[in-house]
Amino acid sequence: MTRSQDRKGLKRAAFAAGAALTVVAAVAGSAPGAGAAPASPAGTPKLKLVAASKAVTADRYEGNSGVYLDLGTYVTVDNAPLELKVTRKSYKDPIVAQQILRNGSKVTTKTLPAGLVKDFSGLPDFLEVSIKNAAGVEVQKSKSNFCLNNASGRLRPDAPATSHYPESCSTNPFTLGSVWGVEKGWAANTSAFDYDRPVDLAAGEYTVKVGVAKKYRDLFGIPDDRPTIALTVREVSDGGEGQAGGGGGAGLTAHSATTGGGHGASHDMAGMEGMKGMEGMAGMGGGHHYGPRGADAPTPSALSHALEARGLAHHLGDGSGHTDGSRVAPALKSATKRPTGRAGVPANVPKPDLRSLPAWDIAVTDGEDGDVAGKDYLAFSANVWNAGPAPLVVDGFRKPGADLMDSYQYFYDAKGKQVGYAPAGTMEWDPRIGHEHWHFTDFASYRLLAADQKEIVKSGKEAFCLANTDAIDYTVKNANWHPYNTDLSTACGQQNSISVREVLDVGSGDTYTQYRPGQSFDITGLPNGTYYIQVIANPANRLQETDTKNNVSLRKVVLGGTDGARTVSVPPVDLINAP
């Protein structure tokens, strides 16, 4: 089981978040001065753009095409939380964003201008950045998105101790609903990087001016503050030694290292430690094919800057100790022993609702490690998510020396008390490199169908380790904004495990990118023409759900070309053009 990520990736610097926020608090608490915002009415958040440091240093690694900047700028929020609810009714409908205003028990909403929010990755073109060289000539001018869920910590000790908002912004193309928010008295880091487009700056000294776009200043009442930051770009050789062009610059390190997740590492990120400088994701892995995004990386997602700075963000993949970087999840513990008594589930107990999303990231490849050389493969990403109102909880139990675990689905009442269980197939150990964990064998399956949508041309993967990799709809009933098992290390077990618990929480989905042996479809010799990638949740109906009518999705693909040079075109799904 391998996984890709929305994430899809946004990365960020891993400097000491605690030190940064101490500076932020000092800046935010300073005298109002020019550009200070007027007092905000009760229930209305007061926003301000601040810089944590007057100087930052960015490392440009030898052979890289550029640098990735974390300038240490934050949006501070006070007086009331900043909260947005972002939804779309269907893939035929545009995205609607509403600001939620909370004043005690009174809750009101304000709809943001139509078309302002175009996807679920954050507020587009929020930040304006101008970079000038030592001679005062502007060498870079850009805009960047802002994920509100990039919470970085408190501004003062009486602010809420933790943020209850989600910890990332989903960029899965088929996301349906998100909640974005910054607590009152908190700051959110504004940095967001596209690792396909690093900033091409030579070693040297620069001046950076950062501001909020006028449309957002007007919308949220943000003062027109434009912090100025001294930037030193430092050349770093393979030996790790840095040399600044034109002198040193004390400050926070702007370079670093992490891959975002929708909220977690999807199942294609095996063995990506030590990605020094993130040297262009397409270049990693010793010739390994990394798919249409340039990597087996997830759909990019903005991560919590403070949590990311724990230093574990580079540990991605299926192996032991790997996490997605957005949080360090505690291990999920299965029941200590097999269930006893007769299996049964009360009729009215809450159950999960598994739904499949249309496939995306569709491409023709020449195969992966372990595939047959000289063949053409159709690779893709697929996601099955849980619309609730209850989580999917599956425990596996192993008889001593057995190669399979017996699986059981567990059920809970509204208070979280276990009220039933039912047999749910098996789990199997997958020893292949990049897997090496227990797979639940009855979660989903993939098929390539002929143009009539009935004839099965090829069948694919059916065994999975469950993890909450993507936030698909956090507006559904009982959605869990802080799922535990967002990475594989917490959920999939080890070869010597005697029991395993795998969970798919409400509102979250599990993305697999099919670039591994046995997952993509071998299309060598298939006639050109129209086909459909079919994704089926709960294919054997061994899992109990609230609804099984939404378990199947289809994505149309058109194959062309000749063997060894096959092509694929992918029509949009209504308004979603995500090939």
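Output the number of the condition that Tyr68 fails; it satisfies all remaining conditions of (1) open to solvent by 20 Å² or more (accessible area, probe 1.4 Å); (2) in contact with a strand residue (DSSP E or B) (Cβ under 8 Å, 6 or more places away or on another chain).
For Tyr68, the exception is condition (1).
When the residues of the stretch 534-562 are filtered to those that are in contact with a Gly (Cβ under 9 Å, 6 or more places away or on another chain) and of a type in the set (Val, Ile, Thr), which remaining residue is most open to solvent (accessible area, probe 1.4 Å)?
Thr546
For the stretch 517-533, enumerate the residues that are assigned to a loop (DSSP other than H, G, I, E, B), buried (at least 21 other Cβ atoms within 10 Å of the Cβ) and of a type outside the set (S, T, N, Q).
Ile523
Between a residue in the stretch 187-207 that is closer than 19 Å to Asp59 by Cβ and any residue that is open to solvent by 30 Å² or more (accessible area, probe 1.4 Å) and modelled with pLDDT of 95 or more, which pairs come within a Cβ distance under 6 Å, given they are 6 or more apart or on different chains?
That search, which allows pairs on different chains as well, returns Glu205/Ala134; Tyr206/Asn133; Thr207/Lys132.
Is it the case, given these coordinates, that Ala135 is over 30 Å from Asp93 (Cα atoms) and open to solvent by less than 10 Å² (accessible area, probe 1.4 Å)?
Against the criterion (over 30 Å from Asp93 (Cα atoms) and open to solvent by less than 10 Å² (accessible area, probe 1.4 Å)), Ala135 does not qualify.
Those residues that are within 20 Å of Ala578 (Cβ to Cβ) and not polar (S, T, N, Q), I need them from the stretch 537-561; list them, please.
Ala537, Val552, Leu554, Arg555, Lys556, Val557, Val558, Leu559, Gly560
Within the stretch 382-392, track down each residue that is in contact with a Leu (Cβ under 9 Å, 6 or more places away or on another chain) and open to solvent by less than 10 Å² (accessible area, probe 1.4 Å).
Listed by number, the residues that qualify are Ala382, Asn383, Val384, Trp385, Asn386, Leu392.
Tally time: how many residues in the stretch 167-216 are among the β-branched types (Val, Ile, Thr), at pLDDT below 95 and either touching a Pro at 6+ places or on another chain (Cβ under 9 Å) or open to solvent by less than 10 Å² (accessible area, probe 1.4 Å) (or both)?
Start the filter on the stretch 167-216 by keeping residues that are among the β-branched types (Val, Ile, Thr), which leaves 171, 175, 179, 182, 190, 199, 207-208, 210, 212.
So of that shortlist, the ones also at pLDDT below 95 come out as 171, 190, 199.
From what's left, either touching a Pro at 6+ places or on another chain (Cβ under 9 Å) or open to solvent by less than 10 Å² (accessible area, probe 1.4 Å) (or both): 171, 190.
Number of matching residues: 2.
The values are calculated or read from the model by the stated rules, or taken from the named source; none is laboratory data. Quantities reported herein were computed from a predicted structural model and do not represent experimental measurements. Backbone-built Cβ (ideal geometry, glycine too); neighbour counts: all protein chains shown. With ligands, DNA and RNA removed, areas are computed over all heavy atoms of the protein, side chains included. Shrake-Rupley method; radii C 1.70, N 1.55, O 1.52, S 1.80 Å.
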